[in-house]
Amino acid sequence: MDTVPSIAPRDVDLERYDIVLDVRPYLGGVLIPGSAHAPLDDLLADPEAYAPDRRAHVLLVCDIGMRSAFAADHLRKAGYDSVASLEGGIDFWKREGLPTASAGSLTGPQLERYDRHIKLPGIGLEGQRGLLEASVAVVGAGGLGVPVISYLAAAGVGSLTVIDGDVVEISNLQRQPIFTSADIGVEKVSAVALYIASLNPEVNVRTHATTLTEENADDLFDGVDLVIDATDSFEARYAISDAGQRLGVPVVTGAVYRWEGQVTTLLPGGPCYRCIFPDPPDAGVVLDCELTGVLGSVVGTVGTLQATEAVNLITGTGTSLAGRLVMYDGRAARFDEVRVGPRNDCVGCGPYRSDGT
Ligand SMILES: [Zn+2]
């Protein structure tokens, strides 16, 4: 039985091959210039879709040379008589310092930076492109906003609008770990802009050192695809939810109280924040964390849930939190969830429902 030739990267003369097929299921890292993506299962099912001429010289590539050897053997048996598998795959190719290219609109450095996303089913190259093109507003650069900002910037969200009128205080450092002691007294949005620039210079950051209100919300959210409500007041949450309904923009809202937190998504048409909480609590019933205390890591958990939800919504992955209020109890290490639906007479989302209910 003849074996399929494996060829070492340094011995490859790309000019010799008519077709270079990358058989990885999801493209990660970099590619060989001129290669086409032929996921192994698809290639085996229909080789002619990728290599119509069985006499063509075909080079097959994968991560480490295993899948490509398997594919080469299969193609040989299917009548392709000049097929080779790249020994050691793209790993060896890179180690030899041979030329590489990017796939689609992602550059080589982007393929490297977002490699772990690109390998994830449900995100992949398409999802990463979606993240790179997304524009997200984060209201509040506090305990919730900090993990949201850091994960979304790291994830490559193309444009981040950060709205917060505060300066960094020493008491913030217990739960907002992107700020340092040197930032005390500095506008939060300025410190955030520097942080994002050093983490991921590709992210376009817009900052507003102001407090969001009913009056300025529409201007601040102009052109964004998604809003993250990381505020700590009922007034702001109503204003954000109402603006989301008016503008047709989804809002991922989070809140924390001592050891407990909650998170949900408010899609245009409801349920909105007013459906879930029609009236603000009486003054003094819910105190803010300045008075009651809050565990830093619990805020981090809830903010991180918001960041994950944002990625899911942008990439169209998973099941959205819309209609579900997820509650987290950090002391009991427990998650619970309640279903929430739109209220018939809701003034927040009622006017924006397509069915007119
Ligand atoms: Zn509503």
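Rule-based calculations on the coordinates, nothing more; no lab input. Quantities reported herein were computed from a predicted structural model and do not represent experimental measurements. Heads up, the Cβs are rebuilt from the backbone with ideal geometry, glycines too, and the neighbour counts pull from every protein chain shown.
Multiply the residue gap between residue 171 and residue 206 by 0.36 nm, knock off their C-alpha separation, and tell me the result in nm, one decimal place.
Working: separation 35, 0.36 × 35 = 12.60 nm, distance 2.54 nm.
Extending this stretch completely gives an extra 10.1 nm.
Modelled label positions at residue 219 and residue 126, each set 7 Å beyond Cα in the direction of Cβ, lie 3.9 nm from each other. Helix 145-154 and the long axis of the chain differ in direction by around 20°, with both axes built from C-alpha atoms.
Between the listed residues 354, 74, 319, the Cα displaced farthest toward the positive end of the dipole of the chain, a dipole computed from Cβ unit charges relative to the Cα centre, is found at 74.
Among the chymotrypsin sites (Phe, Trp or Tyr not before Pro) within region 29-102, not one is in coil by DSSP while having at most 10 neighbouring Cβ atoms inside 10 Å. Amide H contacts under 5 Å for residue 167: 188, restricted to partners 5 or more places along the chain or on a different chain, H placed in the peptide plane at 1.01 Å from N. Cross-link partners of residue 77 among aspartates and glutamates, defined as those whose alpha carbon lies under 17 angstrom from its own and excluding same-chain residues fewer than eight positions apart: 2, 41, 42, 46, 48, 53. Estimated from helical segments only, the mean residue ellipticity of the chain at 222 nm is -9000 deg cm²/dmol, where each DSSP H run of four or more residues counts as -39500 (n - 2.57). Highest mobility in the GNM of the chain, judged by mean-square fluctuation with C-alpha springs under 10 Å and restricted to 281, 201, 47, is found for 281.
Could you please report the charge total around residue 162, scoring K, R as +1 and D, E as -1 over all other residues with beta-carbon less than 14 angstrom from its beta-carbon? Could you put the intermediate results ahead of the total?
On the way: positive: 188, 206; negative: 164, 166, 187, 229.
Computed value for this residue: -2.
Axis angle, to the nearest 10 degrees, between helix 124-133 and the longest C-alpha principal axis of the chain: 40 degrees.
Could you work out the relative contact order of the chain, using alpha carbon pairs under 8 angstrom and six or more residues apart, expressed as a whole percent? Provide the component values of the computation, followed by the final result.
Numbers: 723 pairs, mean separation 48.6, N = 357.
It rounds to 14 percent for the chain.
Exposed loop trypsin sites (Lys or Arg not before Pro) only (DSSP loop, at most 12 other Cβ atoms within 10 Å): please give the longest stretch of the chain free of them, not including the sites. Working shown, then result.
Details: sites that count: 55, 331.
With trypsin sites (Lys or Arg not before Pro) excluded where exposed in loops, the chain gives 56-330 as its longest stretch.
In summary, the lysines within cross-link reach of residue 119, defined as a Cα separation below 20 angstrom excluding same-chain residues under 8 places away, comprise 94.
Can you give me the angle between helix 296-315 and the longest principal axis of the chain, using Cα atoms only, in degrees from 0 to 90, rounded to the nearest 10? Relative to the chain, helix 296-315 is tipped by roughly 50 degrees. What the Cβ-Cβ distance of residue 53 and residue 3 gives, at R0 = 30 Å and to the nearest 0.05, is a FRET efficiency of 0.85.
Give, rounded to the nearest 20 debye, the magnitude of the charge dipole that the chain has about its Cα centre when Lys and Arg contribute +1 at Cβ and Asp and Glu contribute -1 at Cβ. Don't jump to the answer; show the numbers that get you there.
Details: 27 positive and 48 negative charges, 139 e Å.
Dipole magnitude for the chain comes out near 660 debye.
Based on C-alpha pairs under 8 angstrom that are at least 6 apart in sequence, region 6-106 has a relative contact order of 35 percent.
Please give the net charge around residue 349, taking every other residue with its beta carbon less than 9 angstrom from that of residue 349, where Lys and Arg add +1 and Asp and Glu add -1.
Details: positive: 274, 343, 353; negative: 242.
Net local charge, residue 349 excluded: +2.
Each Cα pair under 8 Å and six or more residues apart adds its separation to the average, and for region 190-298 the resulting relative contact order is 20 percent. The HN-Hα couplings worked out from phi for region 67-72 by the Karplus form 6.51 cos²θ - 1.76 cosθ + 1.60 (θ = phi - 60°) are 4, 5, 5, 4, 5, 5 Hz, whole numbers, x standing for Gly and Pro.
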